[in-house]
Amino acid sequence: MKSIETKYMEERERTLRGLAGLSRRDFLKVSTAAVGATALHGVFNPHSFQPVDVASAATVDPAGKVEPFRFAYISDSHLYSKDLNDRFVNGLMRAVDDVNALDPQPDFVFYGGDLAQLGQPQELELGAQILKNLKAPVRMMVGEHDWYLDLGEKWRSLFGDDRYTFEHKGVQFVTLNSVIEEDFWTERNLSPMERMKTVAGLDNHGQRPFTVGAEQRAWLAQQLEKVPSDKPLIVFSHSPLYKIYKNWNFWTDDAEEVQAILKRFANVVVIHGHTHQVLTNRIGNIHFHGLLSTAWPWPYAPQGLPPLTVQMGRPDPFNPNDGCGDGMVQVHADGLVDKVYALWNRNPVTVSRRYTLSGGKEDRPAAPLLASF
Ligand SMILES: [Fe+2]
Ligand SMILES: [Fe+2]
């Protein structure tokens, strides 16, 4: 008997083969029909690789210095080696297919951290190998699951620096390592794997909270020194750069100090991984958006949920991929973004620039269509 995964992969192969034979015009027709069918039934997308058209929503601000563009994201795949768990491997492959099916291709793909589950070389290598199949260039960020076995040695050897800046079409980008913890392991004489497993637990109180840390904050301030305050800024951090729920480390302990460095900029977007859910917040000039995971959705924390967050319906326990996904970020001329959560098996949720800019008064995303389970 074939497993569900095997059946899914076969079905996916068939569909992708079929799509490859279509012209672009026909492909758009097919995807439009599929989206229409989804809207009609109001329930779910049987496949997740229909392109989400947000490019047409781009606002052109004549004063803007940014040429609107979009990038895709994939995050939190938590890979074990394939012989232990292939569900998460298939999740990441599905996201790669989603992004590769986008036409036109995004300018780049951002990976939001937690590529590995326990930071092991074979997990990180497997992830790197799968991500190589992406057609667009990939930018990487580190998560705590990638880091705490060898404190980043293997990750850096595969992907380079864990913090960096770059410029793209008039937007200044910064990628941070926000999962730095004070040394809790030396005194307790923990092995590298004991340290890794301590950090990997959601509510494991044996660890310290995440920080960006004084040294990296100084680096950030120095990197931004020459960037004018009216230049749009997009910051990537694995943990949210604000405080949601400490017991689960949905939290960056020096968030306020990082926010203070970003305060002089007119428009800042912070995009984070780690929370595995639809999560949107705004603190002053900073617009925050979380990323979906390709492995599992976390429940919403029992306290501290920001009022701007649009809650997704709780996942269907009978569907292992429900609540997971990938997505897209449309960058507008003013540097603010439409954030598209391409939830697998559900309609995509778009959290628009107008929604966060108006403090939730305008363009509120539709409520989830499936009841909570
Ligand atoms: Fe994660
Ligand atoms: Fe994480």
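The values are calculated or read from the model by the stated rules, or taken from the named source; none is laboratory data. All figures in this text were calculated on a predicted structure; none of them were measured in a lab. Here the Cβ positions follow ideal geometry from the backbone for every residue, glycine too, while neighbour counts run over all protein chains shown.
Is it the case that Leu241 is more than 27 Å from Ala200 (Cα to Cα) and either modelled with pLDDT of 95 or more or within 14 Å of ligand 2 (Cβ to nearest atom) (or both)?
no
With the condition kept exactly as written, say whether any residue in region 111-122 is within 19 Å of Ala295 (Cβ to Cβ) and among the aromatic types (Phe, Trp, Tyr).
Yes; the residues of region 111-122 include at least one that is within 19 Å of Ala295 (Cβ to Cβ) and among the aromatic types (Phe, Trp, Tyr).
Determine which member of the set Thr356, Thr280, Thr275, Thr350 is under 30 Å from Ile130 (Cβ atoms) and crowded, with 24+ Cβ neighbours inside 10 Å. First the steps, then the outcome.
Values: Thr356 fails: under 30 Å from Ile130 (Cβ atoms); Thr280 fails: crowded, with 24+ Cβ neighbours inside 10 Å; Thr350 fails: crowded, with 24+ Cβ neighbours inside 10 Å.
None of the others qualify; the one that does is Thr275.
Are any residues in region 103-114 in a loop (DSSP other than H, G, I, E, B) and buried (at least 22 other Cβ atoms within 10 Å of the Cβ), and if so, which ones? Give the derivation first.
Taking region 103-114 and keeping what is in a loop (DSSP other than H, G, I, E, B), we get 103-108, 112-114.
If the condition is that a residue be in a loop (DSSP other than H, G, I, E, B) and buried (at least 22 other Cβ atoms within 10 Å of the Cβ), then Gly112, Gly113, Asp114 are the ones that fit.
Going residue by residue through region 314-326, is there one that turns out to be on the phi > 0 side of the Ramachandran plot and in contact with a Pro (Cβ under 6 Å, 6 or more places away or on another chain)? Can you show your working first?
Here is the first cut: in region 314-326, the residues on the phi > 0 side of the Ramachandran plot are 323, 325.
Checking the rest, the ones that are also in contact with a Pro (Cβ under 6 Å, 6 or more places away or on another chain) come to 323.
Yes, because at least one residue in region 314-326 is on the phi > 0 side of the Ramachandran plot and in contact with a Pro (Cβ under 6 Å, 6 or more places away or on another chain).
Restricting attention to region 69-87, report how many residues are aromatic (Phe, Trp, Tyr) and closer than 25 Å to Ile180 by Cβ. Write out each step before concluding.
So in region 69-87, the residues aromatic (Phe, Trp, Tyr) come out as 69, 71, 73, 80.
The next check asks that each one be closer than 25 Å to Ile180 by Cβ; those that pass are 73, 80.
Total meeting the criteria: 2.
Considering region 278-309 alone, what residues qualify as being over 26 Å from Gln222 (Cα atoms), away from ligand 2 (no atom under 16 Å from the Cβ) and polar (S, T, N, Q)?
Correct list: Thr280, Asn281, Gln303, Thr309.
Six or more apart or on different chains, Cβ under 8 Å: which pairs go from a residue in region 241-268 that's under 18 Å from Leu279 (Cβ atoms) to one that's assigned to a helix (DSSP H, G or I) and within 16 Å of ligand 1 (Cβ to nearest atom)? Could you list them?
The qualifying pairs are Asn249/Glu144.
Please specify each residue of region 128-146 satisfying the condition of being near ligand 2 (Cβ under 10 Å from one of its atoms) and not acidic (Asp, Glu). Give the steps one after another, and end with the answer.
At the first step, the residues of region 128-146 found to be near ligand 2 (Cβ under 10 Å from one of its atoms) are 142-146.
Across region 128-146, the qualifying residues are Val142, Gly143, His145.
Taking the stated definitions as given, is Asp161 under 24 Å from the mean Cα position of the chain (by Cα), assigned by TED's automatic domain parsing to the domain that holds Ile244 and under 23 Å from Leu126 (Cα atoms)? Outline the logic, then answer.
Details: under 24 Å from the mean Cα position of the chain (by Cα): yes; assigned by TED's automatic domain parsing to the domain that holds Ile244: yes; under 23 Å from Leu126 (Cα atoms): yes.
The answer is yes for Asp161.
Only residues that are of a type in the set (A, V, I, L, M) and either within 16 Å of ligand 2 (Cβ to nearest atom) or under 14 Å from the mean Cα position of the chain (by Cα) (or both): list them for region 244-277, please.
Scanning region 244-277 gives Ile244, Ala255, Val269, Val270, Ile271.
Keeping to region 248-283, report how many residues are within 16 Å of ligand 1 (Cβ to nearest atom) and not aliphatic (A, V, I, L, M). Please lay out each step first, then the result.
Within region 248-283, the first condition is being within 16 Å of ligand 1 (Cβ to nearest atom), and the residues that meet it are 248-252, 271-279.
Filter once more, keeping what is not aliphatic (A, V, I, L, M): 248-252, 272-277.
Residues in region 248-283 being within 16 Å of ligand 1 (Cβ to nearest atom) and not aliphatic (A, V, I, L, M): 11 in total.
Kindly evaluate Ala266 against the criterion of being in contact with an Asp or Glu (Cβ under 9 Å, 6 or more places away or on another chain), surrounded by fewer than 18 Cβ atoms within 10 Å (Cβ to Cβ), at pLDDT 95 or above and over 22 Å from Ile180 (Cα atoms). Talk me through it step by step, then tell me what you get.
Details: in contact with an Asp or Glu (Cβ under 9 Å, 6 or more places away or on another chain): yes; surrounded by fewer than 18 Cβ atoms within 10 Å (Cβ to Cβ): yes; at pLDDT 95 or above: yes; over 22 Å from Ile180 (Cα atoms): yes.
When the stated conditions are applied, Ala266 passes them.
Going by what's in this entry, would Met193 be described as surrounded by 15 or more Cβ atoms within 10 Å (Cβ to Cβ) and either of a type outside the set (A, V, I, L, M, F, W, C) or touching a residue at least 40 places away in the same chain (Cβ under 8 Å) (or both)? Give the steps one after another, and end with the answer.
On the way: surrounded by 15 or more Cβ atoms within 10 Å (Cβ to Cβ): no; either of a type outside the set (A, V, I, L, M, F, W, C) or touching a residue at least 40 places away in the same chain (Cβ under 8 Å) (or both): yes.
So Met193 does not fit the description; no.
Taking Gln259 and the conditions (1) crowded, with 21+ Cβ neighbours inside 10 Å; (2) touching a strand residue (DSSP E or B) at 6+ places or on another chain (Cβ under 8 Å), which numbered condition does it fall short on, given that it satisfies the others?
(1)
Name the pairs whose Cβ atoms lie under 9 Å apart, with the first residue in region 341-355 and within 30 Å of Asn90 (Cα to Cα) and in contact (Cβ under 8 Å) with a residue 60 or more places away in the chain, the second in a helix (DSSP H, G or I) and of a type outside the set (A, V, I, L, M), and 6 or more positions between them or separate chains?
Matching pairs, first to second residue: Ala342/Asp98; Trp344/Gly91; Trp344/Arg94; Trp344/Asp98; Asn347/Thr38.
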